[in-house]
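Novice: Handing you this structure, nothing more for now.
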Amino acid sequence: MTLRAGIVGCGGISRSHAAAYANLEDVRLAALCDINRDALNTRADEYDVANRHLDYEEMFAREDLDIVSVCTHAPLHAPIAIAAANAGIHVLSEKPLSVDLETADRMLTACEDAGVHLAVSHQFRFTPLFRHAKAWIDEGRIGELRSIREVGKGREAGFELMEMGVHYFDEMAFFLDGIAWIQAHITYQGHDVTAADIMHSSELCQTDRRDNGIVAGDTMLVHIGGARGSYGIMELYRRPRTRNWMMGPHLLGSAGQLIIKPHPETGIDEMWHCPSDVSFAAHTPAWERVELEPEAFLIAGKAWPMRHTIWSAKNMRDAILNGTEPELGGHNAVTSLECVSATYVSHFSGRKVQLPLTERRHPLVAISERRGA
């Protein structure tokens, strides 16, 4: 069986989804959609796709698709996913899944009622190096996992929380075997964030045009409690974009450390191991690079050494063809977004917030409305 795939939204990230479908066996990139005709034709020409649409409902009605990638701005993910579910189409959504838990829950319900999968594309966890690191941890190669540290790309924290923080929450959930609680502190221009500092993402971050809904804060420190007692630390703050190579987990165990970081020049991930749980400037045992066999990065005979969408698309393809649940399908799809809400709830309440959340409304919306009442 060959799955017919479509994409809604032909901006930058769609290239990664198109490349995935064009290179996966048993998948054919059959149709594309965007309201911007130029963007649509550019991506369709790049991948030789003849079926081009300006309206996603029209595409769903005409193209007999099996799977669709939703690559629009986040506020549009829900209506597109729900329309796809109503048409019997499996959905792979770009992150964040939505801008709030209420709409994410509606997406999940619509897909469950229609008998189709809804998964979010957090591709990090599916890559060979992340899988290898998890195997090392499970085998005790660095002792007992104590903590994970992740630093953002360098944009304002409220924007970054929705853009990259959701990726980090997912990788924390992967390495920590689930997330039990969140505790956070958020500041803006040097003071603790208050209701007066809540704004739209485009107002907070003017170097990136993506719509991430309402946000707050330019600096965040988020503590993440793992389901088995280990924890994570996420630091988001403004810094020069030329240092994006810092992005990647630092895993600290009782008997060693692992780091997965993209090379600053090639962008290709590297994994490094240190056989000590303590680091000194000049006296730490030597870090050694952990290299996998080249075959580990092959998909259909082509090497994919980066954190490419093809890894999450492959998991989704396998789930559809095998009749199983995708790893980031079902309620796992909403975990990272739930952590975003918990981050704001924790800051404004001054307490540790347990997951799962019972309140599904966006906490910043509720706080803004109380302030205006």
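The values are calculated or read from the model by the stated rules, or taken from the named source; none is laboratory data. Computed from a prediction, not measured in an experiment: that's the story for all the values here. Every residue, glycine among them, receives a Cβ derived from its backbone with ideal geometry; neighbour counts consider all protein chains shown. For accessibility, only protein heavy atoms count, side chains too; no ligands or nucleic acids. Shrake-Rupley method; radii C 1.70, N 1.55, O 1.52, S 1.80 Å.
Yes or no, residue by residue, for (1) open to solvent by 10 Å² or more (accessible area, probe 1.4 Å); (2) charged (D, E, K, R):
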| position | (1), (2) |
| --- | --- |
| Asp66 | yes, yes |
| Leu76 | yes, no |
| Ile80 | no, no |
| Ala83 | yes, no |
| Val91 | no, no |
| Lys95 | yes, yes |
| Val99 | yes, no |
| Thr109 | yes, no |
| Glu112 | yes, yes |
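Novice: Follow-up question, since we're still on this one. Report, ordered by the first and then the second residue, all pairs with beta carbons closer than 6 Å, sequence separation of six or more or different chains, a first member in segment 1-26 that is of a type in the set (Lys, Arg), and a second member that is surrounded by fewer than 17 Cβ atoms within 10 Å (Cβ to Cβ).
Specialist: Arg4/Arg28
Novice: Can I ask one more? Under 7 Å by Cβ, and 6 or more places apart or on different chains, what pairs join a residue from segment 306-324 that is closer than 26 Å to Leu292 by Cα with one that is surrounded by 24 or more Cβ atoms within 10 Å (Cβ to Cβ) and of a type in the set (D, E, K, R)?
Specialist: Filtered contacts from segment 306-324: no entries.
Novice: Cβ-Cβ below 8 Å, separation at least six or inter-chain, first residue in segment 40-56 and over 23 Å from Ala83 (Cβ atoms), second of a type outside the set (Gly, Ala, Ser) and not in a strand (DSSP E or B): which pairs?
Specialist: So the pair list comes out as Thr42/Cys10; Glu46/Arg15.
Novice: Please work out which residue is nearest to the chain's Cα centre (by Cα), limiting yourself to segment 191-233 and to residues that are hydrophobic (A, V, I, L, M, F, W, C), open to solvent by 20 Å² or more (accessible area, probe 1.4 Å) and closer than 30 Å to Trp272 by Cα.
Specialist: Step by step, filter segment 191-233, then rank; the result is Ile233.
Novice: Could you tell me which numbered condition Tyr344 fails, if it satisfies all but one of (1) assigned to a loop (DSSP other than H, G, I, E, B); (2) closer than 23 Å to Glu160 by Cβ; (3) open to solvent by less than 70 Å² (accessible area, probe 1.4 Å)?
Specialist: Tallying (1) assigned to a loop (DSSP other than H, G, I, E, B); (2) closer than 23 Å to Glu160 by Cβ; (3) open to solvent by less than 70 Å² (accessible area, probe 1.4 Å), Tyr344 fails exactly one: (1).
Novice: Just one of Phe60, Phe124 is of a type in the set (Phe, Trp, Tyr) and within 19 Å of the chain's Cα centre (by Cα); which is it?
Specialist: Within the list Phe60, Phe124, the selection yields Phe124.
Novice: Here is a list of conditions, (1) over 30 Å from Val353 (Cβ atoms); (2) of a type in the set (A, V, I, L, M, F, W, C); (3) at pLDDT 90 or above; (4) open to solvent by less than 80 Å² (accessible area, probe 1.4 Å), and Leu236 meets all of them except one; can you say which number that is?
Specialist: Only one criterion in (1) over 30 Å from Val353 (Cβ atoms); (2) of a type in the set (A, V, I, L, M, F, W, C); (3) at pLDDT 90 or above; (4) open to solvent by less than 80 Å² (accessible area, probe 1.4 Å) is unmet by Leu236, namely (1).
Novice: Still on this structure: Starting from residues that are hydrophobic (A, V, I, L, M, F, W, C) and in contact with a Phe, Trp or Tyr (Cβ under 8 Å, 6 or more places away or on another chain), keep the ones in segment 347-366 and report whichever is most open to solvent (accessible area, probe 1.4 Å).
Specialist: Leu355
Novice: Another question, then. Considering only segment 95-146, state which residues are more than 23 Å from Met164 (Cα to Cα) and of a type in the set (S, T, N, Q).
Specialist: Thr109 - this is the single residue of segment 95-146 that is more than 23 Å from Met164 (Cα to Cα) and of a type in the set (S, T, N, Q).
Novice: Then there is this: Do we have Glu338 as open to solvent by 10 Å² or more (accessible area, probe 1.4 Å), outside any helix (DSSP H, G or I), over 23 Å from His132 (Cβ atoms) and not aliphatic (A, V, I, L, M) here?
Specialist: No; evaluated as a whole, the condition is false for this residue.
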